[in-house]
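Working notes for the structure below.
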Amino acid sequence: MKKGIMVGFGNVGKALAKELISLNKIEIIAVITSKGVYKLKNNWRSELNNLANEYPRGNREKIDILDLINEFIPDIAFVTIPPSYYNGEPNLSIYNTLIDNNINIITADKTGLALEFSSLMKKVKNNKLFFGYRATVMAGTPAIDVAKGLRGRNLKGIKAVLNATTNYILSLVESGYSMQSAIDKVKELGLVEPDPKIDIDGYDAAAKLSIILNTLDIESNINEIKRESLLNINEEKIRKTLNEGKRIKYIAYFDGNKKGVHLEEIEMDSQLARVSKNYNCILFNVDNDTITLTGPAGPAISTAKSMITDVLEYLEKD
Ligand SMILES: NC(=O)c1ccc[n+]([C@@H]2O[C@H](COP(=O)([O-])OP(=O)(O)OC[C@H]3O[C@@H](n4cnc5c(N)ncnc54)[C@H](OP(=O)(O)O)[C@@H]3O)[C@@H](O)[C@H]2O)c1
């Protein structure tokens, strides 16, 4: 059986652990988090199950990821660490270390691909590795598969709601909340990234747009995507737009040339206007048609399940 390590063991990592135990096709030999490493020595399935139920209790030791790889020589790493868009670290170093040591990767973290898609994928190809990233965009809905299926077509544009948190904030404001109380509410529900700027200043949506564009062979980097803050609008404008039969949405767009994340008035008959809760929506404008994809983006269990789809593809290819 192939051997794997887990890098990160939060909401997604723990849900993924349970899915990997059920699948029983890759043996997990170690779990590394910011608190240290847990080595699974005997019965990996019951040890991993206990860890998922009891984390962060248990014995752990501090170890560098490179030492861990050298000690265990895993076939694959499951990466579920938080994003780090400002300078990319430690995420970029983790990806580079894994790839340079010929370890396949399945990730839910967008950082590496949003910042350095081309260079990472070039090394992945040269080293004949597998890099699964279905969970990075609309986790739970096969957005990456749809983007791959549109390669080589005449893509004229993309419009998408890619961040459920900001979408929820806008719908709370429509229903009468002030912007600040809507933000407080989503924080209370645990729906905001630990650094709220990642959602509210558009980093998350820009990272996802960048990954979709790169998947479609349009070179892109999060830093070249123009971002307007969600806070650039007031409550009155959001509610006035609703009264006029339209909705303000936080849209990630590509018009064939420009790429950005901004606030936009959307007609009510558009799927983009109707997307709510944890759902996302992407409109691909291809040739003279619009291809629409709507579906869930998270929570952690859907994210973990989309990583299992990556596992099945990895096992078939190997
Ligand atoms: N939640 C979702 O539905 C969803 C959907 C799609 C994508 N994602 C992405 O999936 C990733 C994980 O999300 P999450 O909700 O599981 O986050 P989380 O609950 O905050 O868990 C993050 C985990 O990463 C560990 N970690 C942090 N820095 C590390 C490092 N340098 N080396 C090793 N481990 C490290 C943390 O360690 P400690 O336990 O020691 O703190 C924690 O176990 C994020 O990038 C997120 O954007 C999440």
Interchain or long-range residues, amide H under 5 Å from Lys156's placed H: Asn285, Val286, Asp287
Under 20 Å by backbone N from the virtual spin label 7 Å along Cα-to-Cβ at Asn53, the residues of the range 1-36 are 9-24, 28-31
Give the value in nm², to one decimal: projected area of the alpha carbon convex hull of the range 63-215, averaged over all directions. 10.9 nm²
Per the 1.4 Å probe, what fraction of the accessible area of the range 61-129, in percent, lies on carbon and sulfur atoms? 51 percent
What does the highest-first list of 250-259, 35-44 look like by mean Cβ count within 10 Å? 250-259, 35-44
CD proxy, 222 nm, the chain: helix-only mean residue ellipticity via -39,500 (n - 2.57) per DSSP H run with n ≥ 4, per residue, nearest 500, stands at -12500 deg cm²/dmol
Would you please report the Å³ per residue occupied by the convex hull of the alpha carbon atoms in the range 143-296? 104 Å³
Can you tell me the Rg and the Dmax, both Å, for the Cα atoms in the chain? 20.0, 64
When the accessible area of the range 143-296 is computed with all protein chains present and a 1.4 Å probe, what percentage of it is carbon and sulfur? 45 percent
Write out the GluC sites (Glu not before Pro) in the range 235-291 meeting two conditions: DSSP loop, and at most 14 other Cβ atoms within 10 Å of their Cβ. Glu244
Given a 1.4 Å probe, the accessible area of the chain per residue, as a whole number of Å², is 45 Å²
Eligible lysines near Lys3 by straight Cα distance, threshold 23 Å, same-chain separation 8 or greater: Lys14, Lys18, Lys25, Lys35, Lys39, Lys41, Lys62, Lys123, Lys125, Lys128, Lys305, Lys317
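The values are calculated or read from the model by the stated rules, or taken from the named source; none is laboratory data. No experiment lies behind these values; they were computed from the predicted model shown. Neighbour counts are summed over all protein chains in view; Cβ atoms, including those assigned to glycine, are modelled from backbone coordinates with ideal geometry. Surface accessibility is based on the protein's heavy atoms, side chains included, excluding ligands, DNA and RNA. Shrake-Rupley method; radii C 1.70, N 1.55, O 1.52, S 1.80 Å.
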